[in-house]
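Peer 1: The structure's right below; bear with me while I get my questions together.
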């Protein structure tokens, strides 16, 4: 498969979608539909948005089981304009893959994956990164909370578990932003930028999402604002298997992540309510937190 002639430095990092994003995603979705005309996925779909992750994606796919907590699973790869054969790796592993012609951002690729998953019959959607940092072995505890109707959105927290990342500045940032979002939403959180998540499929349709890249906090803040029950479970964040982060250096990432938090909170928790009025149900969002010692135990806060 020929590689596309744009280098990795062209990773899209804007805070707004590029003007051609709708055209690019529509073309990719139409090509996907032609390739898989009768696709029906399992009740749990694991969406992996990958950009130039050919060196690690195969190992990630090998780790994903075909059933989690009694729920059958389908992986789905969204290749966000890779130049290194990421799509070919997914195909060689027998995984359905939708390929964008150019990189348009992690958030754009995830939203495309969510839409395909819903249309193909998913009841739950989980996310993993293509770099191998998040362990699929942590999914059963997350899916059980969904199956037992104790949560709508479950986040794997490296703060409740552990991280192998030795970047002290990045680890401080994880704790800082978790504290900021906890204060803004009135819900105690420990990890707001985790790439390991599991949620009800309808949540991805209900929560407004506009961020092309720095999208983890947008989905979380929006879910809390709409009254969805959020849970955290311990997880281990591993070192990436290969390659480098596409989101930029620590300061660049931190500033842009902060701007996304501020914009999303204003939109979801302030601006829209000036006309709609207060919604009592939204003031009672519940955090369900499991512990490493007893993953099945959850307590509201």
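Peer 1: Would you confirm, using the coordinates I've provided, whether residue 223 is in contact with a strand residue (DSSP E or B) (Cβ under 8 Å, 6 or more places away or on another chain), outside any strand (DSSP E or B) and at pLDDT 90 or above? Full working, then the answer.
Peer 2: Details: in contact with a strand residue (DSSP E or B) (Cβ under 8 Å, 6 or more places away or on another chain): yes; outside any strand (DSSP E or B): yes; at pLDDT 90 or above: yes.
Yes; evaluated as a whole, the condition is true for this residue.
Peer 1: Related question: Tell me, which residue of region 19-38 that is part of a loop (DSSP other than H, G, I, E, B) and modelled with pLDDT of 95 or more is nearest to residue 81 (Cα to Cα)?
Peer 2: Among those residues, the one meeting the criterion is 20.
Peer 1: Additional query: Of the residues in region 39-56, how many are touching a strand residue (DSSP E or B) at 6+ places or on another chain (Cβ under 6 Å), under 21 Å from residue 81 (Cβ atoms) and assigned to a loop (DSSP other than H, G, I, E, B)?
Peer 2: Number satisfying all stated conditions: 1.
Peer 1: Here's another thing I want to ask about it. Looking at region 158-171 only, could you name the residues that are more than 17 Å from residue 132 (Cα to Cα) and in contact with a strand residue (DSSP E or B) (Cβ under 6 Å, 6 or more places away or on another chain)?
Peer 2: 160
Peer 1: Output the residues belonging to region 191-203 that are part of a loop (DSSP other than H, G, I, E, B) and within 21 Å of residue 118 (Cα to Cα).
Peer 2: 195, 196
Peer 1: Right, another one. Which condition breaks for residue 242 when tested against (1) modelled with pLDDT under 95; (2) surrounded by 17 or more Cβ atoms within 10 Å (Cβ to Cβ); (3) not in a helix (DSSP H, G or I)?
Peer 2: Evaluating residue 242 over (1) modelled with pLDDT under 95; (2) surrounded by 17 or more Cβ atoms within 10 Å (Cβ to Cβ); (3) not in a helix (DSSP H, G or I) leaves (2) as the failure.
Peer 1: Whether any residue in region 204-216 is assigned to a helix (DSSP H, G or I), surrounded by fewer than 20 Cβ atoms within 10 Å (Cβ to Cβ) and at pLDDT 95 or above is what I want to check.
Peer 2: Yes, that holds for at least one residue.
Peer 1: If a residue must be under 17 Å from the mean Cα position of the chain (by Cα) and over 10 Å from residue 152 (Cβ atoms), how many such residues does region 224-241 contain?
Peer 2: Of the residues in that region, 9 qualify.
Peer 1: Where in region 57-157 are the strands (runs of 3 or more DSSP E), entirely inside, with at least 3 residues that are in contact with a strand residue (DSSP E or B) (Cβ under 9 Å, 6 or more places away or on another chain), under 26 Å from residue 232 (Cβ atoms) and modelled with pLDDT of 95 or more?
Peer 2: It comes to 71-80, 124-129.
Peer 1: Can you pull out every residue in region 104-128 that is surrounded by fewer than 22 Cβ atoms within 10 Å (Cβ to Cβ) and closer than 21 Å to residue 231 by Cα?
Peer 2: 123, the sole residue that qualifies.
The values are calculated or read from the model by the stated rules, or taken from the named source; none is laboratory data. As the structure is a prediction and not an experimental result, all values here were calculated from the model. Quick reminder, even Gly has a Cβ in these numbers, built from the backbone with ideal geometry, and neighbours come from all protein chains shown.
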